[in-house]
Amino acid sequence: MNRPFRVMIIDDEESARKLMRAAIKWDELGMEVVGEAASGVEAINIIDDLKPDIAFVDISMPFMDGIEFTEIATNRYPHLVIIIMTAIDKFEYARKCVSMPVFDYMLKPMVREEITKVLQRVVVKLKDAPDYWEELEAKADNSAEAGSTDSIKKYLDDNFTDSKLNLAFVAQEFGFSPSYLSRKFKQDTGIKFVEYLNDLRMKKAQQLAKKGTKMYCTASEVGIPDPNYFSRCFKKYAGVSYSDYMAGGQQ
């Protein structure tokens, strides 16, 4: 790969994410931190845009923990290098539960020198490997189409409340590569896949808000069970917070 290796940090503790960003000399390792997530739910929603090569994943997170995220990620993104972060009292739990190809396990609080050593081993693994994400972007999908865009839109309309649903998930369901589905969906509909999915979820959320539904219930019902991430998504979409929207009876 000629570009820097892309790193994603998934941890519900903001201080831990900031510390990792600041403590490591990423550029000296030929890496860049391209994004963060505070839960597995948020990570699933943004991973297709970030396209990481490496993911640091905390095992103890609300709404979708590191184990569940890793199970999903190793199935959908087989080339993703996953490093599990865990407190000592959860260490054996992590090793027993994660039966997937995890690159390494690290005890929290982590030490800069130890993180650097692990990342140096990651570089050895990745430096001669093909660029998986670029290959997907450049690859022409020659397989027969498994379904029209209309059928994909209907699938999203019927299943958007599933919190595990994202671009890679739907691509698997229809027999496409994620990059091909992304291009095809935008070409045929004029809107990005992620934007369409989010639009479905936020419109439903607005309906529930008008009925006076509590935010944490609405978040779960529309497929974003992490209320903090849902709150950010809703405010960006509606222009006001969920509570203000509910109180104001927005139309």
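Worth pointing out:
- Which listed residue is within 27 Å of residue 59 (Cβ to Cβ) and not in a loop (DSSP other than H, G, I, E, B), from 129, 168, 209, 205: 168
- Filter pass, residue 82 being buried (at least 20 other Cβ atoms within 10 Å of the Cβ), touching a strand residue (DSSP E or B) at 6+ places or on another chain (Cβ under 8 Å), more than 24 Å from residue 114 (Cβ to Cβ) and modelled with pLDDT of 90 or more: no
- Of the set (1) among the charged types (D, E, K, R); (2) at pLDDT below 90; (3) buried (at least 17 other Cβ atoms within 10 Å of the Cβ), all apply to residue 12 but (2).
- Some residue of segment 200-211 being closer than 23 Å to residue 36 by Cα and touching a residue at least 40 places away in the same chain (Cβ under 8 Å): yes
- Filter result for the condition that a residue is more than 15 Å from the chain's Cα centre (by Cα) and within 25 Å of residue 232 (Cβ to Cβ), over 134, 68, 32, 36: 32
- Among the candidates 127, 96, residue that is at pLDDT 85 or above and not assigned by TED's automatic domain parsing to the domain that holds residue 175: 127
- Check on residue 191, of a type in the set (A, V, I, L, M, F, W, C) and without any contact (Cβ under 8 Å) to a residue 12 or more places away in the chain: yes
- On inspection, residue 132 fails the criterion of being more than 23 Å from residue 4 (Cα to Cα) and either at pLDDT 85 or above or surrounded by 15 or more Cβ atoms within 10 Å (Cβ to Cβ) (or both).
- Selected residue (criterion: farthest from residue 74 (Cα to Cα)) from residues of segment 159-217 that are of a type in the set (Ser, Thr, Tyr) and buried (at least 16 other Cβ atoms within 10 Å of the Cβ): 213
The values are calculated or read from the model by the stated rules, or taken from the named source; none is laboratory data. No experiment lies behind these values; they were computed from the predicted model shown. Neighbour counts are summed over all protein chains in view; Cβ atoms, including those assigned to glycine, are modelled from backbone coordinates with ideal geometry.
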